[in-house]
1. In 10 Å bins starting at zero, report the fraction of Cα pairs in the chain per bin as a rounded %.
2. Work out how much length residue 41 to residue 152 would gain on full extension: take 0.36 nm times their residue separation and subtract the Cα-Cα distance, in nm to one decimal.
3. Test of understanding: what is the full-extension gain from residue 24 to residue 106, defined as 0.36 nm times their sequence separation minus their Cα-Cα distance?
4. Label-point separation (nm) for residue 83 and residue 34, each offset 7 Å from Cα along Cα-to-Cβ?
5. What per residue convex hull volume, in Å³, comes out for the stretch 1-80 when only alpha-carbon positions are used?
6. So what is the relative contact order for the chain, in percent, with contacts set as C-alpha pairs under 8 Å and at least six apart?
7. Compute the helix-to-body angle for 129-155: its Cα long axis versus the longest principal axis of the chain, expressed 0 to 90° and rounded to tens.
8. May I ask for log10 I(q)/I(0) of the stretch 39-78 at q = 0.30 Å⁻¹, from a Debye sum over the Cα atoms as equal point scatterers with solvent left out?
């Protein structure tokens with residue numbers, strides 16, 4: 001079953017996810033550590049997990065399967081989801097893939113080491129209209145691809 005899971009606490013594209021998911025009739029689960037307002041629609045639901053370290057990440061990773069799209073900026077969560085055959089897209093529209101996740105983890109570790117050493121390395125760039133547009137395109141493409149795969153699988157003789 002195709003579904004979308006959102007790592008929602010700091011996700012800037014929740015409204016975009018709802019828009020694309022409803023157009024494709026795909027359920028969305030919003031996962032957060034505190035209550036987040038969601039649209040009243042039968043395809044959109046939310047779960048609030050404890051505020052424990054990585055509680056939302058753990059909840060999401062435990063439910064990822066083939067056909068699951070995960071929206072997150074968390075590189076380590078992306079890695080966990082890819083290992084469970086999920087599709088992972090960052091809020092900026094950058095897909096995480098098996099080919100790219102190793103480099104992303106390495107860069108994350110280097111940046112953490114630099115910050116721990118007192119270097120001022122700055123943070124991510126501000127979220128832009130181009131990021132939002134790229135995200136909408138990436139999510140739509142991922143959904144279309146999964147829907148096509150699902151239809152082909154349903155048409156295969158047993």
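Only the coordinates and a few stated rules stand behind these numbers; no lab work does. Treat the numbers as computed from the prediction; the structure is a model and nothing was measured. Counting neighbours? That spans all protein chains shown, and the Cβs are built from the backbone with ideal geometry, glycine included.
1. 10, 37, 37, 13, 3, 0, 0
2. Going from the current span to full extension adds 37.1 nm.
3. Full extension of this stretch gives 26.0 nm more.
4. The two pseudo-label positions are separated by 3.1 nm.
5. Once divided by residue count, the hull of the stretch 1-80 is 87 Å³.
6. 21 percent
7. Once rounded, one gets 40 degrees.
8. Evaluating at q = 0.30 Å⁻¹ gives log10 I(q)/I(0) of -1.16.
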